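The values are calculated or read from the model by the stated rules, or taken from the named source; none is laboratory data. None of the values given here were measured: they were computed from a predicted structure. Glycine gets a Cβ as well: all are built from the backbone with ideal geometry, and neighbour counts include every protein chain shown.
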Amino acid sequence: METTKLPGSRARTLKRLAGLVAAVATVGLVAACSGPQSSTSVGGAAAKGHVEVAVGYNNNSSWDPLNTGSAFAMSAENHIYEALWDSSPVDRKPYAALAADMPKDTKALTWTVKLRSGAKWSDGKPVTADDVVFSVDRVLDTQKPVITTAFFSSWLKDAVKVDAHTVKLDFKNAFPYAIDRFSILKIMPKHIFDGQPDSFYADAKNQLGSGPFEIKATEPTSFTSFVLNKDYNGPLHPKIDSMQWNVSVDAAARTSLLTSGVSGVQISDNIPQDSIATLQGKGLTVDGADSMNLLGLAFNTSKAPFNDKRVRQALRMAIDTKKLIDVSIAGKGTPATSFLQESSPYYSKAATQYDYNPTEAKKLLQEAGVSNLSLTLLSTNISWTTVAVNAIKQDWEAIGVKTNLDVVETATFNTKVAQGDPADVLTFSGNPNQFGTDADLNVRWFYSNTNTFMLWNKWGQTPEYAALDKVLTAAEQSDSAKTTDADMKKALNMIADQGVIYPVMHMQLFSAWDAKKLSGVQALNIPGVYMMNAQLKG
């Protein structure tokens with residue numbers, strides 16, 4: 001792949017570290033250390049130094065900021081793109097980014113938005129109302145939807161240019177989560193992307209934003225490097241002037257990068273639970289964040305007896321979740337007490353709880369008229385998931401349910417589900433918090449008729465789903481926060497009671513760094529890192 005040509009000192013450094021990698025035998029990537037430190041002023045604050053990052057996800061999926069679920073790309077784009085209103089992935093508090101101000105009346109059906117004075121793309125061209133309209137139109141195009149279309153099309157009507165630096169946003173109805181939701185509608189430069197094919201949008205080397213950083217160079221499955229956007233004039237104040245994110249999908253490789261002493265890597269995300277003690281023993285800081293990242297079960301409700309909620313409930317309460325958490329993720333998680341994790345600002349404990357109770361599980365199966373049940377559980381072969389499904393199999397067979405495991409590669413799993421595999425139950429993991437924390441988004445990510453699991457199990461065709469959808473729609477369209485919260489709590493109770501697509505546990509996500517060299521970082525509840533406050537020591 002073509003990459004941006006590096007200055008001589010930077011290119012020499014790449015070559016130097018390529019040689020060092022041989023000294024770290026378990027590290028399967030080519031990393032790069034920084035060249036000479038420099039000092040640059042961005043947003044009124046001095047930025048100095050280079051940081052090497054290890055990221056536990058690949059960088060070779062789509063980089064289209066409005067049409068990707070790539071953990072690597074989405075985390076990176078928090079540094080290079082802006083929305084009208086953004087939020088830090090650390091605290092999720094909204095702030096005016098490309099918009100000059102926060103909305104004055106969030107219940108109004110029309111918002112007039114002035115753009116930040118002097119905002120520019122990293123190629124030096126001004127950000128205009130045309131760019132905003134272009135980006136919103138793309139998200140609202142239901143004839144050619146992108147991933148983010150589903151998050152806006154039900155409530156946002158359009159964006160209209162008022163003048164070169166002002167747009168008018170029209171709503172179909174007031175939407176209580178609008179400000180939070182706008183953070184995922186990244187504004188893209190029309191002069192770069194208009195008329196281009198999908199492959200152009202998806203290519204990392206074409207990404208160009210208005211945020212604090214810009215991409216300097218990128219190599220698929222290896223690294224992406226960033227430098228400051230000299231034209232950025234927004235509210236964020238990065239303290240480093242360059243960084244490189246090195247792909248390290250292998251868990252042992254990430255540990256080696258942090259502890260080898262030769263790679264130069266100062267921080268890594270996606271730390272395996274069983275590596276925490278090792279890293280701490282080497283003097284590294286390891287921090288965890290409670291997250292929506294989950295292991296869940298989805299039942300094939302198009303088949304008896306799994307269309308009977310008593311059977312679903314029985315199988316859920318037959319699982320010793322505490323034991324499952326201990327054996328699969330070294331105890332670094334919590335049994336699900338709601339669809340949302342307990343750290344969510346929208347959390348409420350569900351009326352239905354699935355505490356471990358094999359006696360009650362057997363009783364429910366008997367009430368449902370089910371005996372000698374045999375089922376197939378479909379799962380991916382991710383290491384910790386494999387351990388988890390074997391624990392589930394053991395618990396189900398303890399109550400007399402013969403369990404056949406079908407454990408396959410992730411790509412095969414996705415194909416099987418999309419093609420309507422006849423499995424009775426499947427396990428899944430996921431973290432829609434990548435897109436936002438609001439309750440509606442996190443629920444609709446799974447409970448919509450476009451979700452792969454809902455297409456697989458046909459539950460979207462049932463009266464029970466229609467009742468749930470009615471409550472979710474009422475919550476979405478209310479202009480009263482109190483009513484929205486009450487309706488959402490009702491919906492979460494319905495989801496727990498039905499137990500069709502529901503978590504078994506929520507997991508912590510861990511990051512590790514060398515606190516002797518780096519400050520201003522912390523673990524996130526989503527994949528990736530946030531380097532806007534990172535600062536080198538010494």
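Filtering the stretch 111-146 down to residues that are part of a loop (DSSP other than H, G, I, E, B) and of a type in the set (A, V, I, L, M, F, W, C), which residue is nearest to D163 (Cα to Cα)?
If we filter the stretch 111-146 for residues that are part of a loop (DSSP other than H, G, I, E, B), which is where we start, we get 116-119, 121-125, 127-128, 141-146.
Still in the running and of a type in the set (A, V, I, L, M, F, W, C): 119, 121, 127, 146.
Working: A119: 15, W121: 19, V127: 12, V146: 27 Å.
If we take residues in the stretch 111-146 being part of a loop (DSSP other than H, G, I, E, B) and of a type in the set (A, V, I, L, M, F, W, C), then V127 is nearest to D163 (Cα to Cα).
Considering only the stretch 518-532, I want to know if a residue exists there that is crowded, with 17+ Cβ neighbours inside 10 Å, in the same structural domain as G331 (by the TED database), within 26 Å of the chain's Cα centre (by Cα) and among the aliphatic types (A, V, I, L, M).
No, there is no match, as no residue in the stretch 518-532 is crowded, with 17+ Cβ neighbours inside 10 Å, in the same structural domain as G331 (by the TED database), within 26 Å of the chain's Cα centre (by Cα) and among the aliphatic types (A, V, I, L, M).
So if I check each of P94, P126, P103, which one is of a type outside the set (V, I, T) and free of Cβ contacts under 8 Å to residues at least 60 places away in the same chain?
Working: P94 fails: free of Cβ contacts under 8 Å to residues at least 60 places away in the same chain; P103 fails: free of Cβ contacts under 8 Å to residues at least 60 places away in the same chain.
Result: P126 is the single residue among P94, P126, P103 that is of a type outside the set (V, I, T) and free of Cβ contacts under 8 Å to residues at least 60 places away in the same chain.
Out of S117, S75, report the one residue that is within 30 Å of S291 (Cα to Cα) and hydroxyl-bearing (S, T, Y). Working first, answer last.
Working: S117 fails: within 30 Å of S291 (Cα to Cα).
Of the residues listed, the single one that is within 30 Å of S291 (Cα to Cα) and hydroxyl-bearing (S, T, Y) is S75.
Residue by residue through the stretch 483-525, note down the ones that are among the aromatic types (F, W, Y) and farther than 30 Å from K458 by Cα. Explain how you work it out, then say what you get.
Residues of the stretch 483-525 among the aromatic types (F, W, Y): 502, 510, 513.
Correct list: F510, W513.
Is it the case that the stretch 225-238 has a residue that's touching a residue at least 12 places away in the same chain (Cβ under 8 Å), touching a Gly at 6+ places or on another chain (Cβ under 6 Å), surrounded by fewer than 18 Cβ atoms within 10 Å (Cβ to Cβ) and not in a helix (DSSP H, G or I)?
Scanning the stretch 225-238 turns up at least one residue that is touching a residue at least 12 places away in the same chain (Cβ under 8 Å), touching a Gly at 6+ places or on another chain (Cβ under 6 Å), surrounded by fewer than 18 Cβ atoms within 10 Å (Cβ to Cβ) and not in a helix (DSSP H, G or I).
Does at least one position in the stretch 398-407 carry a residue that is outside any loop (DSSP other than H, G, I, E, B), out of contact with any Asp or Glu (no Cβ under 9 Å at 6 or more places or on another chain), in the same structural domain as M317 (by the TED database) and within 26 Å of I526 (Cα to Cα)?
yes
Check V162, V167 and return the single one that is more than 26 Å from the chain's Cα centre (by Cα), surrounded by 17 or more Cβ atoms within 10 Å (Cβ to Cβ) and of a type in the set (V, I, T).
Numbers: V162 fails: surrounded by 17 or more Cβ atoms within 10 Å (Cβ to Cβ).
When all the criteria are applied, what remains is V167.
In the list L378, L364, which residue meets the criterion of being in the same structural domain as E464 (by the TED database), at pLDDT 95 or above, surrounded by 17 or more Cβ atoms within 10 Å (Cβ to Cβ) and within 24 Å of the chain's Cα centre (by Cα)? Reasoning before the result, please.
Numbers: L364 fails: within 24 Å of the chain's Cα centre (by Cα).
The match here is L378.
Yes or no, residue by residue, for (1) crowded, with 21+ Cβ neighbours inside 10 Å; (2) touching a strand residue (DSSP E or B) at 6+ places or on another chain (Cβ under 9 Å):
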{"residue": "P463", "(1), (2)": "no, no"}
{"residue": "L468", "(1), (2)": "yes, no"}
{"residue": "V471", "(1), (2)": "no, no"}
{"residue": "A475", "(1), (2)": "yes, no"}
{"residue": "S480", "(1), (2)": "no, no"}
{"residue": "T484", "(1), (2)": "yes, no"}
{"residue": "M488", "(1), (2)": "yes, no"}
{"residue": "M494", "(1), (2)": "no, no"}
{"residue": "V500", "(1), (2)": "yes, yes"}
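Looking only at residues in the stretch 303-358 that are surrounded by 23 or more Cβ atoms within 10 Å (Cβ to Cβ), more than 26 Å from T462 (Cα to Cα) and of a type in the set (S, T, N, Q), which one is nearest to the chain's Cα centre (by Cα)?
Only one residue fits best here, namely Q341.
What are the residues in the stretch 385-418 that are at pLDDT below 95 and of a type in the set (D, E), if any?
The one that is at pLDDT below 95 and of a type in the set (D, E): E409.
For the stretch 230-240, indicate whether the set of residues that are under 30 Å from Q341 (Cα atoms) and of a type in the set (A, V, I, L, M, F, W, C) is non-empty.
Our first condition is that a residue be under 30 Å from Q341 (Cα atoms); within the stretch 230-240, this holds for 236.
Those left that are additionally of a type in the set (A, V, I, L, M, F, W, C): 236.
Checked the stretch 230-240: at least one residue is under 30 Å from Q341 (Cα atoms) and of a type in the set (A, V, I, L, M, F, W, C).
Take N229 and decide whether it is in the same structural domain as V55 (by the TED database) and either under 24 Å from S135 (Cα atoms) or in contact with a Pro (Cβ under 6 Å, 6 or more places away or on another chain) (or both). Break it down into steps so the answer makes sense when it comes.
Working: in the same structural domain as V55 (by the TED database): yes; either under 24 Å from S135 (Cα atoms) or in contact with a Pro (Cβ under 6 Å, 6 or more places away or on another chain) (or both): yes.
Criteria met by N229.
Select from the stretch 117-155 the residues that are more than 30 Å from Y447 (Cβ to Cβ) and in contact with a Ser or Thr (Cβ under 9 Å, 6 or more places away or on another chain) and write down the one among them that is surrounded by the fewest Cβ atoms within 10 Å (Cβ to Cβ). Walk me through how you get there before you give the answer.
At the first step, the residues of the stretch 117-155 found to be more than 30 Å from Y447 (Cβ to Cβ) are 117-134.
The next check asks that each one be in contact with a Ser or Thr (Cβ under 9 Å, 6 or more places away or on another chain); those that pass are 119-122, 127, 129, 131.
Details: A119: 22, K120: 17, W121: 23, S122: 22, V127: 22, A129: 20, D131: 25.
Only one residue fits best here, namely K120.
Select from the stretch 109-140 the residues that are farther than 18 Å from L185 by Cα and either at pLDDT below 95 or of a type outside the set (A, V, I, L, M, F, W, C) (or both) and list them in ascending order. Give the derivation first.
First pass over the stretch 109-140, keeping only residues farther than 18 Å from L185 by Cα: 109, 117-118, 122-126.
Correct list: S117, G118, S122, D123, G124, K125, P126.
Determine, yes or no, whether D241 is in contact with a strand residue (DSSP E or B) (Cβ under 6 Å, 6 or more places away or on another chain) and either surrounded by fewer than 19 Cβ atoms within 10 Å (Cβ to Cβ) or under 30 Å from K517 (Cα atoms) (or both).
Details: in contact with a strand residue (DSSP E or B) (Cβ under 6 Å, 6 or more places away or on another chain): yes; either surrounded by fewer than 19 Cβ atoms within 10 Å (Cβ to Cβ) or under 30 Å from K517 (Cα atoms) (or both): yes.
Considered against the rule, which asks whether it is in contact with a strand residue (DSSP E or B) (Cβ under 6 Å, 6 or more places away or on another chain) and either surrounded by fewer than 19 Cβ atoms within 10 Å (Cβ to Cβ) or under 30 Å from K517 (Cα atoms) (or both), D241 comes out as yes.
Please work out which one of (1) without any contact (Cβ under 8 Å) to a residue 12 or more places away in the chain; (2) β-branched (V, I, T); (3) surrounded by 15 or more Cβ atoms within 10 Å (Cβ to Cβ) is the condition I187 fails and give its number.
Against the list (1) without any contact (Cβ under 8 Å) to a residue 12 or more places away in the chain; (2) β-branched (V, I, T); (3) surrounded by 15 or more Cβ atoms within 10 Å (Cβ to Cβ), I187 comes up short only on (1).
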